Amino acid sequence: QNGPAGGYKDQQPVSVGKEYIVRVYVHNIANPSTNDNPATPGTNDGVGVAKNARIRFELPDTEGVANGFTAQARITADNSKPKEVYDTVDLLNPNEDFNVSYVPGSAYIFNASHTNGLQLSDEIMSQNGTKLGDKTMDGVYPGCFEFSSFVVIRVKVTAPALEIQKL
């Protein structure tokens, strides 16, 4: 789960009945010197700190009608430019239609403050997502590589229920 950077794929073959980890790398590229406000040192309220930083994942709403789905992660902050960044992964099975669904309770963040992971709210799948942070998930996300994170969710791949009638 919490591995080194890299190993990312834009397409992932999937099999029915299995669970997969969807992982996104989170990093505020601001210079660490902009994390502090000179008037209030040590408070992480400088211009480089992302405010109300949030992440959400999106999975398609369709059920069992496709042999491929795109999962998407979106990261936002009130003071970021651009306002939102995102990345996607295509989950594919060319031989079988399938459903994909979020596994409740599977969202975790891994970073230097939470090397064993910190569970995130299932709100990660909602329109507003869930807040990010360093030590606490308060939406305050400082700049620099030392504050980078991996956020993971698990998704389950299932086959659609089929009903066959002999006529």
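Go through Glu146, Glu123 for me and flag whichever is farther than 16 Å from Ala73 by Cα and open to solvent by 50 Å² or more (accessible area, probe 1.4 Å).
Numbers: Glu123 fails: farther than 16 Å from Ala73 by Cα.
Residue meeting the stated conditions: Glu146.
Of the residues that make up segment 137-159, is at least one over 29 Å from Phe69 (Cβ atoms), part of a loop (DSSP other than H, G, I, E, B) and free of Cβ contacts under 8 Å to residues at least 40 places away in the same chain?
yes
Report the residue count in segment 35-72 for those that are touching a Ser or Thr at 6+ places or on another chain (Cβ under 9 Å), without any contact (Cβ under 8 Å) to a residue 24 or more places away in the chain and among the small types (Gly, Ala, Ser).
Adding up the residues that qualify gives 1.
Applying the selection to segment 73-117, what residues are touching a residue at least 12 places away in the same chain (Cβ under 8 Å) and aliphatic (A, V, I, L, M)?
Ala73, Ile75, Ala77, Val89, Leu91, Leu92, Val100, Val103, Ala107, Ile109, Ala112 - these are the residues of segment 73-117 that are touching a residue at least 12 places away in the same chain (Cβ under 8 Å) and aliphatic (A, V, I, L, M).
So Leu167 passes all but one of these: (1) assigned to a loop (DSSP other than H, G, I, E, B); (2) open to solvent by less than 50 Å² (accessible area, probe 1.4 Å); (3) not basic (Lys, Arg). Which condition number does it fail?
The number of the failed condition is (2).
Would you please name the residue that is nearest to Val151 (Cα to Cα), looking only at residues in segment 8-52 that are at pLDDT below 80 and not hydroxyl-bearing (Ser, Thr, Tyr)?
Only one residue fits best here, namely Asn44.
The values are calculated or read from the model by the stated rules, or taken from the named source; none is laboratory data. Remember, predicted model here, so these are calculated numbers, not experimental data. Reconstructed Cβ throughout: ideal geometry from the backbone, glycine too, with neighbour counts over all protein chains shown. Calculation scope for accessible area: heavy atoms of the full protein, side chains included, ligands and nucleic acids excluded. Shrake-Rupley method; radii C 1.70, N 1.55, O 1.52, S 1.80 Å.
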